[in-house]
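Asks: Let me begin by handing over the structure; questions about it come next.
The values are calculated or read from the model by the stated rules, or taken from the named source; none is laboratory data. Keep in mind that this is a model prediction, so the values were computed, not measured. In this analysis, Cβ positions are derived from the backbone assuming ideal geometry, glycine residues included, and neighbour counts consider all displayed protein chains. Areas reflect the complete protein model, heavy atoms only, side chains present, ligands, DNA and RNA absent. Shrake-Rupley method; radii C 1.70, N 1.55, O 1.52, S 1.80 Å.
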Amino acid sequence: MSVLLEADSLVRIYSGRSGLFGKSTPVRAVDGVSLKLSHGETLGIVGESGSGKSTLGRMLLGVDPAQGGTMRFDGRPMPAIGTAAWRALRARMQMVHQDPLAALDRRLTIADQIREPLDIHLIGTDTTRAARVANLMEAVGLRPDQAERFPHELSGGQRQRVVIARALATNPDMLVCDEPVSALDVSIQAQVVNLLRSLRHQTGLSMVFISHDLKVVRNLCDRVAVMYLGRIVEEGPSETLFANPRHPYTQALVSSVPEPGKRLDGRVILQGEPPNPAKRPTGCAFHPRCPMATDLCRDNAPQLHALGQGRTAACHLVADAAVAQVA
Ligand code: SF4
């Protein structure tokens with residue numbers, strides 16, 4: 001599969017303040033992240049809250065500017081935000097947000113909202129836009145009689161279908177979905193995930209799927225990147241990463257997913273809360289919570305190390321084991 005999006009060493013720094021009169025401290029929300037997304041691929045990005053995954057999602061769309069690093073989309077450097085070239089490219093990259101009610105305009109009908117991107121990007125005529133809206137509504141499982149309704153007249157699952165239809169209106173190459181099902185009831189979550197899966201098969205869409213729900217990610221994604229405090233600590237094909245997580249943080253996350261018939265007493269329990277991003281621990285940022293931390297981990301930050309079969313992990317122990325295997 002050819003590469004659609006390529007990000008290299010992305011950095012995003014916010015200014016954090018502890019307390020009303022506290023000193024401003026730089027917070028590296030995204031700290032040197034590199035990744036690739038191929039045509040037709042779904043890449044899951046997982047991690048606890050504060051790991052930087054939503055910031056990364058916005059950066060991949062060019063909505064949140066990178067302060068370091070580079071991005072290429074379909075082989076070309078990403079244009080500067082706000083330029084005509086960037087606005088044209090935005091039609092090819094769309095976002096699905098967590099809260100459909102917040103993402104929709106309560107004063108506009110469903111049909112008008114789905115049509116909006118076509119109006120903004122001047123795609124088609126009045127007639128073709130109306131036909132496109134009708135097709136999109138059918139594709140996401142909305143009834144024609146819902147076209148003139150307003151968001152508050154629909155259920156949460158139906159509203160998310162509207163958001164997905166609107167995101168697909170311009171026929172994009174890439175969707176960034178940020179926790180698209182976490183605000184929905186469990187029964188509706190499966191419907192929306194199945195919808196995304198079938199749309200991907202029908203249209204060849206590439207997707208970045210940001211979620212804290214590892215079960216959904218395992219179900220939907222081809223590859224997974226695990227983030228901790230702004231950095232990717234493990235990445236690999238979904239199947240092998242979930243079957244054999246190598247980084248201790250990934251092991252704890254994967255082990256916390258309940259599975260029918262699986263005993264709970266062998267679970268790796270993640271200790272403590274994620275550290276304050278403004279006070280990043282020295283060395284490996286995970287060391288205060290890692291049951292396998294050594295002195296080396298406290299002083300030296302591990303780099304991402306290739307493990308073969310498309311997998312990487314940033315952990316001294318994993319790197320040592322990989323070297324021992326080769327020797
Ligand atoms: Fe744990 Fe050390 Fe690996 Fe970090 S580098 S995950 S502290 S073993």
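Asks: How high is the relative contact order of the chain, in percent, with contacts defined as C-alpha pairs under 8 Å that are six or more residues apart? Show your work: numbers first, answer last.
Replies: Values: 585 pairs, mean separation 64.1, N = 327.
20 percent.
Asks: Give me the net charge of ILE81's neighbourhood, meaning all other residues with Cβ under 10 Å from the Cβ of ILE81; Lys, Arg count +1, Asp, Glu -1.
Replies: Working: positive: ARG87, ARG90; negative: ASP64.
Net charge around ILE81: +1.
Asks: In percent, what relative contact order does segment 231-327 have, based on Cα pairs under 8 Å that are 6 or more apart in sequence? All intermediate terms of the calculation are to be shown ahead of the outcome.
Replies: Details: 104 pairs, mean separation 30.2, N = 97.
Dividing the mean separation by the residue count of segment 231-327 yields 31 percent.
Asks: With every protein chain present, what is the per residue accessible area of the chain (1.4 Å probe, Å²)?
Replies: Numbers: 15980 Å² over 327 residues.
Solvent-accessible surface per residue comes out at 49 Å².
Asks: When DSSP assigns beta bridges and you keep just the ones with both residues in the chain, what percent turn out antiparallel, to the nearest 5?
Replies: Details: 30 of 47 bridges.
That works out to approximately 65 percent antiparallel.
Asks: Here is a further query. For segment 116-267, give the share of DSSP beta bridges that are antiparallel, in percent and rounded to the nearest 5; count only bridges with both residues there. Mind showing how you got there, number by number?
Replies: Values: 6 of 11 bridges.
The answer is about 55 percent antiparallel.
Asks: Oh, and also: Around ALA7, with a cut-off of 12 angstrom between Cβ atoms, what is the net charge of the other residues, counting Lys and Arg +1 and Asp and Glu -1?
Replies: On the way: positive: ARG12, LYS36, ARG72; negative: GLU6, ASP8.
Charge balance near ALA7 sits at +1.
Asks: Under a Cβ-Cβ cut-off of 11 Å, what is the net charge of the residues other than ARG106 that fall near it, where Lys and Arg count +1 and Asp and Glu count -1? All intermediate terms of the calculation are to be shown ahead of the outcome.
Replies: Working: positive: ARG107, ARG159; negative: ASP105, GLU153.
After counting each charged neighbour, the total is 0.
Asks: Do you know the relative contact order of segment 46-112, to the nearest whole percent, from alpha carbon pairs under 8 angstrom that are 6+ apart? Could you put the intermediate results ahead of the total?
Replies: Numbers: 26 pairs, mean separation 12.4, N = 67.
Here the relative contact order equals 18 percent.
Asks: Treating only the Cβ atoms of Lys and Arg (+1) and Asp and Glu (-1) as charged, compute the dipole magnitude of segment 131-212 about its Cα centre; round to the nearest 20 debye. Could the numbers behind the result be given before it?
Replies: Details: 8 positive and 8 negative charges, 31 e Å.
That gives a dipole near 140 debye.
Asks: Which percent of the accessible heavy-atom area of the chain goes to carbon and sulfur, probe 1.4 angstrom?
Replies: Details: 8450 of 15980 Å².
Roughly 53 percent, rounded to a whole number.
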